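As structure tokens, the structure follows; a few thoughts come after it.
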Amino acid sequence: MVPLLRVLETIIKISDNIYSPLGNTTEENFSAVMSGISGLKKYYDMFDCVESFTASAMPTRMTFTQMCIESVSQALLGTDIDTTSANVIFVFSTTKGEDLQLWEPAVAVTRHFGNKNLPVIVSNACISGVSAQIMASRLLTAGIYKTAVVIGCDVLSKFIVSGFQSLKALSAEKCRPFAPDRDGLNLGEAAACMILSAVSESKNPNGWIYEVGSMHNDANHISGPSRTAEGSYRCLTDCLDKCNIENLAFISVHGTGTAYNDDMETLALHRAGLESKPILALKVYYGHTLGATGILETIISMQAVEKCMLPTTRTGIHGNSFIKMLSGFGGCNAAVRWSLKK
Amino acid sequence: MKEYIVEISPNGCLICGEPLDCEKTGADLLTELYGKLVGDYPKFYKMDSMSRLAFIASELVLRQEGKPRFTPNETRKIILANNRASLHTDLKYNATINKKDYYPSPSLFVYTLPNIATGEIAIRNKYYGESCFLVLENEEHFIKVLKTIPLESDALVGWVEYNNDTDYKCIMWIEKP
């Protein structure tokens, strides 16, 4: 498989973008979150669903393809990346793509930017956005490509809303992650993009550095998290490898606001010895944006570390690294650790 | 390196290229294989078509491998791929939410994620390693992407597509590091 002797590469983040109801740029999004603005609203007749629901929806209906193109275009601004180059790969994170198609719209977005490589799509339910970062880092580490455009997106639809309603997973009001009276999640839509690049370790690169990524299955249930947090705990343990805990600013949790998920994450954090670290839960601003979640919340976490400020509580934080963790249907769990080198 | 290759299509099943004796075809082939060769895992009947296909293929691969089964495994990865994700079940679920006859089915909705198939195999075998589902152009593309995934130990790998009861295909094997 991967050759043992190779030039050691460091994966760094070149650029990013969040395209969401809270803004079209990363800066607009972070400043909205810092100001306590939420995209969540109550919808009574969207998609002809029987019950009303609370969600974070774009001001006008946009397709998956349109959202991805906007987000990637914004992320490319100010970079010198030539997306037509054979050493650029597009990696997608989505659950439902466009009209239930994943491959065709991903190829359409890739070709829109003149890229002729076949895209790679990760479809691992709610962990897809972190899985996509892990897959992108592997494609770069293998030395096949120099740059990866990692794009996560899902749009709201009758399909998704009715499905989560049928599972009784939605809160009628704004979700309350980790609150004792939490009663479900809210859905949201967004696109988020990170552009990653492989740089020789000998060049001692600065900026955001991808340290480690991990995925583990709970081997327990297809639609409920493990009561003992098996997969999530293992992901956290992997992410703590070679990690100076002092430098870990916070853990960016999934924090969906469902009873089971937040309990499971609490247990995973305890088992991994991270109970004293602050946590960052962002669903109250964006809802659960499915394929975008892992990328969107990684980008907001980077902003928080850069500004030494936890946006949810507006308290100061110390440390130059964070872990982003996620769990999803199919018993899957994932986590990544990024650190900022100045 | 590929080992213990299993191929299943609506017309039959090949184990390392050798045809397995089967009477049924189509969707019934999977129930026949379950009854003949597995039989002790009634959750099979709850699964959607793609998960059934992936599950049966995994059982046949792991039987050949011959290692002790159902003991916790920390490192074994499950990596599956296809080009259409869970479209076959997506369309079935879609039929439950049309305007006239709106009754969304939670049991169908859960299977409208392709990675559920990886979860079913992990649960059956107590695999705590990585599970991942990729949507790619074709098998050739899958083999290329697979080469970039680091393997610490033998992984269960497969291309699994279920378009309908007369058009499905699975090739699954153990990939050695």
Worksheet item: Among bridges DSSP assigns within chain B, what percent are antiparallel (round to 5)?
Response: 65
Worksheet item: Taking the Cα centre of chain A as origin and charging only Cβ (+1 Lys, Arg; -1 Asp, Glu), how large is the dipole, in debye to the nearest 20?
Response: 440
Item to complete: Would you mind computing, in nm to one decimal, how far apart the modelled labels at B:Ser105 and A:Ala179 are, each placed 7 Å from Cα along Cα→Cβ?
Response: 3.6
Worksheet item: What full-extension length gain, to one decimal in nm, is calculated for B:Phe70 and B:Glu3 as 0.36 nm per residue of separation minus the Cα-Cα distance?
Response: 22.1 nm
Item to complete: Of the options A:Leu118, A:Gly207, A:Thr94, report the single residue whose Cα projects farthest towards the positive end of the charge dipole of chain A (beta-carbon charges: Lys, Arg +1; Asp, Glu -1).
Response: A:Gly207
Practice prompt. Just report the Cα centroid separation between the range B:15-31 and the range A:227-286, whole Å.
Written response: 45
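Could you give the size of the charge dipole of the range A:165-244 about its Cα centre, using +1 on the Cβ of each K and R and -1 on the Cβ of each D and E, expressed in debye and rounded to the nearest 20?
100
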Item to complete: Calculate how many DSSP beta bridges within chain A are antiparallel, expressed in % of all such bridges and rounded to the nearest 5.
Response: 70
Worksheet, complete the sentence: The set of residues whose placed amide H lies less than 5 Å from the amide H of A:Leu185, leaving out same-chain residues fewer than 5 positions away, is A:Leu170, A:Ser171
Item to complete: Give me a single rounded figure for A:8-15: the average over its residues of other chain Cβ atoms within 10 Å of their Cβ.
Response: 0
Worksheet item: In sequence order, what are the phi-derived ³J(HN,Hα) couplings for the range A:48-58 according to the Karplus relation 6.51 cos²θ - 1.76 cosθ + 1.60 with θ = phi - 60°, rounded to whole Hz, with x for glycine and proline?
Response: 6, 6, 5, 9, 6, 8, 9, 8, 10, 10, 4
Discussion item. How are the alpha carbon pair distances in chain A distributed across 10 Å bins from zero to the largest one, expressed in percent?
Written reply: 6, 28, 37, 23, 6, 0
Worksheet item: For the cross-link pairs B:Lys43/B:Lys126; A:Lys96/B:Lys126; A:Lys277/A:Lys307; A:Lys42/A:Lys158; B:Lys46/B:Lys176; B:Lys24/B:Lys92, which exceed 20 Å when the distance is taken from alpha carbon to alpha carbon?
Response: A:Lys96/B:Lys126; B:Lys46/B:Lys176; B:Lys24/B:Lys92
Worksheet entry | Cα-only Debye scattering, chain B: base-10 log of I(q)/I(0) at q = 0.12, 0.20 Å⁻¹ | -0.53, -1.47
Item to complete: Amide H neighbours of A:Tyr43 under 5 Å, at least 5 residues apart or on other chains, H built in the peptide plane: list them.
Response: A:Phe53, A:Thr54, A:Ala55
Worksheet item: Given charges of +1 on the Cβ of Lys and Arg and -1 on the Cβ of Asp and Glu, with all other atoms neutral, how large is the dipole of the range A:9-200 about its Cα centre, in debye to the nearest 20?
Response: 280
Fill in: Karplus-derived HN-Hα couplings along the range B:66-80 (A = 6.51, B = -1.76, C = 1.60, θ = phi - 60°), whole Hz, x at Gly and Pro
x, 7, x, 9, 6, 9, x, 10, 7, 10, 5, 8, 10, 10, 10
Worksheet item: How much length, in nm to one decimal, is gained on full extension between A:Asn206 and A:Glu27, taken as 0.36 nm per residue of separation minus their Cα-Cα distance?
Response: 62.4 nm
Item to complete: Compute the relative contact order of the range A:247-342 as a whole-number percentage, counting only Cα pairs closer than 8 Å that sit 6 or more residues apart in sequence.
Response: 35
Worksheet item: Once you average over the residues of A:213-226, how many Cβ atoms of partner chains fall within 10 Å of each Cβ?
Response: 6
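We did not get these values from a lab; they are worked out from the coordinates using the rules stated. Computed from a predicted structure; not experimentally measured. Cβ sites come from the backbone with ideal geometry, for glycine too, and all protein chains shown count toward neighbours.
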